[in-house]
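Trainee: Mind looking over this structure? Questions follow.
The values are calculated or read from the model by the stated rules, or taken from the named source; none is laboratory data. Computed from a predicted structure; not experimentally measured. Cβ placement follows ideal geometry from the backbone for every residue including glycine, while neighbour counts extend to all protein chains displayed. Calculation scope for accessible area: heavy atoms of the full protein, side chains included, ligands and nucleic acids excluded. Shrake-Rupley method; radii C 1.70, N 1.55, O 1.52, S 1.80 Å.
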Amino acid sequence: MTRTAPIDLRSDTVTRPTAAMRQAMVAAPVGDDVFADDPTVNALQARIAGMLGFEAALFVPTGTQSNLCALLAHCQRGDEYIVGQMQHCYRWEGGGAAVFGSIQPQPLEHQPDGTLALADIEAAIKPDDAHFARTRLLALENTLGGRLLPFGYVQQATALAQSRGLSRHLDGARLFNAAVAQAQATGGDARTEARRIAQCFDSVSVCFSKGLGAPVGSALCGSREFIARAHRVRKMAGGGMRQAGMLAAAALHALDHHVERLADDHALAKRFADGLAGIAGLKVEAPHTNLVFVDLEGPARERGAGLMDFLKSRGVLATGLYRLRFATHLDVDAEGVDQAVAAMKDYFHA
Ligand SMILES: *Cc1c(COP(=O)(O)O)cnc(C)c1O
C-alpha cells in the first residue's frame, strides 16, 4: 500500500481528531463559557481537577497561555520564578512572564538527567533584601524533553521549595506521558501516578493537544482561589472562549480513551531509536517516552544539512531546533516508523 499522508514525526501536536472524538465534539452540549454556562467545559474542568486532586481547573486554548496564567497568578510584578534553561515556560514562550507580568525568570542549568540540582535551587533563592527580586516560585516540567523526572527528585525539589516558602508549578504538558512511563516502572497505574506527581505541586498545567490527541486545549489546575486569579489573567490574555464545549468534549474523550494508549507511542519511539542504533555517527538518546532525540557526530554532522529535505522526499517529516527530534503519536504506526528508519539508513549509508 502506498501512503498518501506523510509520516509526520515533527511533534505529537500534529494528530487529527479520531472519528469517535469528532462524534463526541459534535454531540457536546454547549453554552457561553464566559458566563460559565458551558456544561461541557464545566464537566472537563471538574474532571481534570478531580483526576489530579485539585479543587478547581481552568480550560485554556494553549499550554503557553496556561503557563502564563499560572505564572501571573503565582507572582506579582518584581517577583521571580526559578526555572530550568530548557523549560518551555522560560525558553519557548516568547518571554511572556517578563513581557506581560514583569516577572523575572531565574533560569538554572539542567543536570544531565534533566533535573535542577537541589543545591542550585537553594542557591538561587534570594534573601529578603531590597537588592533582590522576591523569589516566589519553582517551576518544573515533566516530562522534560521527553524525559521522566525521577519521582523521588520531584518530591525532594518540591519539598525544598515549600520549606523555603515558594509555590510550586508543574508544566505538565506531557504529564500523562510521564505518568504512563512511571507506571511502567513502578507497576502502578497511569492515572494514580499522574495524581501522585501532580500532588507535589500547587498548580499543574496539562495539554490535551499533544499525545492525548485533542485538536486544541490545555487545563490549569490549582486551588479555587488560585484558579480565580488565573481566570482573570486568562481574560486579559484574550483566552475567554464562548461555546468551547466542542473543544472540551474532545479533551474529555481524550481523558477517557487516550491516556493508557500513550504506552503505544512510547513503544514506537523505542522501536525507532532501536532501528537507528546501527547507524554510524548518530548518537541516539534512549527515549523514556514518545520523543527521540538524535545528535549527529563526526562526518554525519557535516552531512546533516540535507537530511530534512531528504526525509521529506521520502515522506517523513521531522524537526530539530537544537537537536534532531522525532515524536511518535496517535497518527503514526509501526509501519511508518520502520519507513522512517529506512529513510534514515538510506541517507547516512548512501
Ligand atoms: C507544547 C508545550 C507547551 C505549550 O503548549 P502550546 O499549546 O503549544 O502553547 C508548554 N509546555 C510544554 C512542556 C510543551 O511541550
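Trainee: Taking only pairs six or more apart or across chains, which ones have beta-carbon atoms under 9 Å, a first residue in the range 188-209 that is more than 19 Å from ASP12 (Cβ to Cβ) and more than 14 Å from the ligand (Cβ to nearest atom), and a second residue that is open to solvent by 60 Å² or more (accessible area, probe 1.4 Å) and basic (Lys, Arg)?
Mentor: Close Cβ pairs satisfying both conditions: GLY188/ARG196.
A quick yes/no check of all residues on (1) more than 27 Å from HIS329 (Cα to Cα); (2) polar (S, T, N, Q); (3) at pLDDT below 95; (4) buried (at least 17 other Cβ atoms within 10 Å of the Cβ):
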position	(1), (2), (3), (4)
MET1	no, no, yes, no
THR4	no, yes, yes, no
ARG22	no, no, no, no
MET25	no, no, no, yes
ASP32	yes, no, no, no
ASP37	yes, no, no, no
GLU55	yes, no, no, no
ASP79	yes, no, no, yes
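Trainee: While we're here: Counting only residues that are surrounded by fewer than 24 Cβ atoms within 10 Å (Cβ to Cβ) and within 16 Å of the ligand (Cβ to nearest atom), how many does the range 211-233 have?
Mentor: 3
Trainee: Continuing with the same structure: From the list ALA343, ALA327, ALA318, ALA286, pick out the single residue that is of a type in the set (A, V, I, L, M) and open to solvent by 30 Å² or more (accessible area, probe 1.4 Å).
Mentor: Only one candidate passes the filter, namely ALA286.
Trainee: Now for a different question. On the given criteria, is LEU140 of a type outside the set (D, E, K, R), within 16 Å of the ligand (Cβ to nearest atom), surrounded by 21 or more Cβ atoms within 10 Å (Cβ to Cβ) and within 29 Å of LEU247 (Cβ to Cβ)?
Mentor: yes
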